[in-house]
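The values are calculated or read from the model by the stated rules, or taken from the named source; none is laboratory data. Please read all numbers here as calculations on a predicted model, not as lab measurements. FYI the Cβ positions are ideal-geometry reconstructions off the backbone, even for glycines, and counts take in every protein chain you see. For the accessible areas, the whole protein counts, side chains as well, though only heavy atoms, and no ligand, DNA or RNA atoms are used. Shrake-Rupley method; radii C 1.70, N 1.55, O 1.52, S 1.80 Å.
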Amino acid sequence: VICAVLLFLGACSGPEAKKMKFLEKGKALYEQGEYVKARLEFKNAVQIDPKYVEAHYMLGMVALRTNDLRSAFPEFSKVVELDPGHKEAHVELGKIYLAARAVEKAMEEADLVLKTDPNYPGALILKAAIMIAKKQDEAAISHLSALLQAGSKDKDAFLLLAGVYIRKGSTAEAEAVLKKGIEANPRAVILYNTLGDVYLKERKIEDALAIAGKVVEIEPGQPRHKLTLADLYWESGREEKARE
């Protein structure tokens, strides 16, 4: 019995257990926004196992969150090399290709995922973004509207659809989409900020102020939101409120 216990404890402290411990600690730090610390934990996991798919994927996500596309690309590439069926990594690669204006490469990644999973949300939204990049606005509107009607609550779907309407000058439609998006994602600051921009274009200052105030409530620790609110107060002639 003593030998069995010792063998069990040895296994628990072995490389497999250690790399999993680094991964889980890294994920916890990632969720807290501690990206530098999280990256170190994922790096430790990869040092133990250079073929640790999930650790490479999380290193790619950390790079995305810190706007480091150069570092994200090789990590996601490594993931799909080790696991060709990793749908999330293919979608992230597609987004990077799209950001680099390699539209056809982005479509290849989207199609690769949709061939095996025609309803995969990330790939469907990536496909819509590619349509928008190609200025296929009507196709994108039809595609995204179908996604939302099917029950998607992904903030990116609302954001992309609103963006198409804004580009077409259809601010009323954009406003309606963004309001639905906020209802589905009440803490998605990017949707509030986009709606605030729509209100500003329409000179709906009071509505824009209300949106800016709500964003401050959601993320009170972000000084830029308070500066935006102060700027709106100042521009609308309420200097005292701006100073406050």
Could you work out how far apart the two model spin labels at K201 and D68 are, taking each label as a point 7 Å from the Cα in the direction of the beta carbon, and quote it in nm? 3.5
Quick one: what do you get for segment 137-176 if you divide its Cα Rg by 2.2 N^0.38 Å? 1.05
Note, ³J(HN,Hα) from phi for segment 106-112, Karplus 6.51, -1.76, 1.60, rounded to Hz, x at Gly and Pro: 4, 5, 4, 5, 5, 5, 4
Give the Debye-formula value of log10 I(q)/I(0) at each listed q (0.10, 0.11, 0.12, 0.14 Å⁻¹), with one equal scatterer per alpha carbon of the chain, two decimals each. -0.64, -0.74, -0.85, -1.05
For the ranges 232-238, 216-222, 156-162, what's the packing order if you count other beta-carbon atoms within 10 Å of each residue, average per peptide, and put the highest first? 156-162, 232-238, 216-222
Summarise the accessible area of segment 93-206 (1.4 Å probe, protein heavy atoms) by the percent that is carbon and sulfur. 53
Distances over 20 Å make up what percent of all Cα-Cα pairs in segment 1-144? 55
Percent breakdown of C-alpha pair distances by 5 Å bin, ordered from the shortest bin, for segment 165-244: 3, 16, 26, 23, 17, 10, 4, 0
With the Cα gyration tensor of segment 83-199 giving a ≥ b ≥ c as the square roots of its eigenvalues, does the rule (a/c under 1.5 for rounded; else a/b larger than b/c for prolate; else oblate) give rounded, prolate or oblate? prolate
Using label points projected 7 Å from each Cα along Cα→Cβ, tell me how many nm separate K179 and K153, to one decimal. 2.0
Bins of 10 Å, starting at 0 and running to the largest distance - Cα pair percent for segment 93-160: 23, 56, 21, 0
So which lysines pass the test for K37, namely a Cα distance under 29 Å, with those fewer than 8 places away in the same chain ruled out? K18, K19, K21, K25, K27, K51, K78, K87, K95, K155, K226
For the chain, calculate the relative contact order in percent as a whole number, restricting contacts to Cα pairs under 8 Å that are 6 or more residues apart. 7
Going Cα to Cα from K115, which aspartates and glutamates come in below 20 Å? Please leave out same-chain ones fewer than 8 positions away. E81, D83, E88, E92, E104
Whole-number accessible area per residue in Å² for the chain, which is evaluated in the context of all protein chains at 1.4 Å: 58
With a 10 Å cut-off between alpha carbons and a GNM built on the chain, which of M58, M131, M20 moves the most? M20
